[in-house]
1. What are the extents of the Cα atoms of region 631-778 along their three principal axes, listed from largest to smallest and rounded to whole Å?
2. With a point put 7 Å past each Cα toward its Cβ, work out how far D61 is from R750 in nm, to one decimal.
3. Label D385 and L252 with points 7 Å out from Cα along Cα→Cβ: what is the distance between them in nm?
4. Which of the peptides 429-435, 761-767 is most tightly packed, and how do the rest follow, judged by the mean count of other Cβ atoms within 10 Å per residue?
5. For a Förster distance of 30 Å, can you work out the FRET efficiency between the beta-carbons of D306 and S359, rounded to the nearest 0.05?
6. Sort the following peptides by mean Cβ neighbour count (other Cβ atoms within 10 Å, averaged over residues), highest first: 41-50, 629-638.
7. Quick check: the angle from helix 673-687's long axis to the longest principal axis of the chain, C-alpha only, nearest 10 degrees?
8. Considering the convex hull of the alpha carbon atoms of region 308-458, report its projected area averaged over all viewing directions, in nm², one decimal.
Amino acid sequence: MAQESLTELKVTGMGCASCVGRVEAALRDVPGVEDASVNFATKTAQVVFDGPASALTEALDAAGYPAETSQADLSIDGMTCASCVAKIERALTSSSGVIDARVNLATRTATVTYATGATTPESLAQVITEVGYPARIQDVSEPENREEDEIQRLTRTTILAAVLALPVFILEMGGHMIPAFHHWVHTTIGAQSSQLIQFVLTSALLIGPGRVFYRMGIPSLLQGTPDMNALVALGTGAAYLYSVVATFAPGLLPQGTANVYFEAAAVIVVLILLGRLMEARAKGKTGAAIRKLVGLQPKTARVEVDGQIQDRPIAEITVEDILHIRPGERVPVDADVIEGTSYVDESMITGEPVPVGKSPGAPVVGGTVNGTGALRVRATRVGGDTVLAQVIRMVQQAQGAKLPIQGLVDRITYRFVPAVILVAVITVAIWLIFGPSPALPLALVAGVSVLIIACPCAMGLATPTSIMVGTGRAAELGVLFRKGDALQQLQQARVIAMDKTGTLTLGRPELDSVTTANGFDRDEVVRLAAALEARSEHPIASAITRAGPATLPEASDVRSLTGLGVQGQVEGRDVLIGSHRLMQQRGIELGSLVEEAEARAAEGATPLFVALDGRAAAALSVSDPIKPGTEEALERLHQMGLTVAMVTGDNARTAQALADRLGIDHVTAEVMPDGKVDAITALRGQFGTLAFVGDGINDAPALASADIGIAIGTGTDVAIETADVVLMSGDLRGVANATEISRRTMRNIRQNLGWAFGYNVLLIPVAAGALYPFGGHLLSPALAAGAMALSSVFVVSNALRLRRVRASVPETAATATKEVHA
């Protein structure tokens, strides 16, 4: 429980003075509240309270007056294991005003949600610093160089430790391995001198490179929250102090037990430092995706000022600035092309390898690479508003997330180190009572081995390292997990439901077939029809116009026939375009064109007829083309054992025709946006956990109500904001890729947790001497240190395998062709 204090909250939703009483009553009903005072003018509440701030905010939410909250991202130094994470989280959650705190060992960051006005990010950083872990507000504008700094520091420290430990190891262990060397040491240096040399070198090692374990471990032990540093400090300290007594006061020890274990303390420190160095190198690779994204940001841009071109820092670029981009340069910020044509490589944002054509009016994204053409553009989004900045922010949020599975791990690891210390004490006691004579050295070796071999680091790194690598690789494939929970939930999905227009299809009708009659020329019919439809803004009319030539003749006497079609004069000819009913009304005989139109309608297309000068000329069909890659993506989803459903507002006939063509398992058609929510509820009840894929504003309720909402990145901001996963590539191959990444990441996490827990469960009894009765051997503390160091390295290295995950549905040249924007 937090110490009783005055907490100030900013309250929203109060519309009149009578709201004050309701807010005060809601707050006073919370257990632990001594007093609550609300000020309507300042919209604040002052509460004397001795509990967590989350209880206050939950009460205000329930009353309909939510407290205003803020979020702080903090960088933390000095964390080494899962116990550190638990210690910092408990310190934060017991701090005044904190609603939620999530600490990530892999990224060494904390994300803290707090009641606005109750505390500040600086105060939260100070709370963490006071419990022994220096913290500061995270600067996301530049890539963190902490990994490189830590690797350099650990390299220097490990080399120094190894130089000091090597003579100690040779003096003590050389004689055990080579009897002649033992005899030489005794006749030249002498046993006492050998021990004194070992004492000096080991003391220097523990005071120098090994000091970190005592500086961090002893305070945590005294505070009752021991961490891994405490285990190392206890283990090496016990071996060192026993050896000091054996060297300078051997008479205090039982006969025959005055042995020295300086080499154990020295080698333990070296191996654990070496393990941390290897772990730091491996962890540095886990953040490669973020560093790669940050590295895409150009430092300068070429700005047009009064007709002159100037180089300016990217931070000085503002919206509406005119920028010049030379061939091969990176696009500095999000912008619209106003002059020039080129192809731009957007693979680092969308994951699609084929360059996208750009011409005046087309948008370009900051961080992408311009091709062979020069472009003149107008800045539309700069700084933190650019697509690249948003992508970086989403990836960082996902990497810093805690999955539901991590909750169980945290509860176990919080009690793990105290449990290991207890096991070590029991081990020593059992050896002293039941062990063979001399029991004291055997008890010491077994107790130290138990302390050293236990590895809370592996348990703490098992989940966050896999999340970091998995979400980073997903970003490279054009998949952004906006919420960390989605990474775990998506692999549980049993049905993938999706909207039709803009998701399965391009969302823009196109003329897809022309069947002529009565000897009319196809190109002539399309040219005249396009000229007439150019006067209309209807989507179907636009599709016919786009199919015509660039230069069209003028149409005159154009009349719209509501619900039927359009008629007019083009180049002196009567042109009539419309439905079967319109042609029947005008007495135009369509003949075999009717059968062709019905066949196309059965496939989901919209049929139209064209008559020239009163005679049937052609049957046209307009449809919304299926997006490239859709068929391959759905086939892959079926291979994964998923049910595919379509939920659309289109008519049932069109929807079913598309479903039959694509092999979709379940269709719900002719539903309004709120009806999509009911359809999703029904599908969830029938099949289980559901993911919904959509792109438009009308999909937002469905995306929010689904277990996992997946938004097409080319869709509306509303859809993206309500989604858990964003597909930057704009097509359904991303759904298969996201599902594959989710499954592979969760499998990787289970492997890591299995190793981390299995390692400790199996090897702690071995270290305690469980195998001694069967062979008379105890595990050396040095070997225990080596095993512990390699345990963490194994977890991180296993997580790094996720960097090799390939696209579930590869991009192909046939499906990835991009046209220059008109």
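Quick note: the coordinates plus some simple rules give every number you see, no bench work behind them. The structure displayed is predicted, hence computed values, not measured ones. As a convention, Cβ positions derive from the backbone with ideal geometry for all residues, glycine included, and neighbour counts pool all protein chains shown.
1. 80, 31, 29
2. The answer from the label model is 3.1 nm.
3. That separation, rounded to one decimal, is 7.1 nm.
4. Going by the mean number of other Cβ atoms within 10 Å, highest first, we get 761-767, 429-435.
5. According to the calculation, E is roughly 0.70.
6. 629-638, 41-50
7. Once rounded, one gets 50 degrees.
8. 15.5
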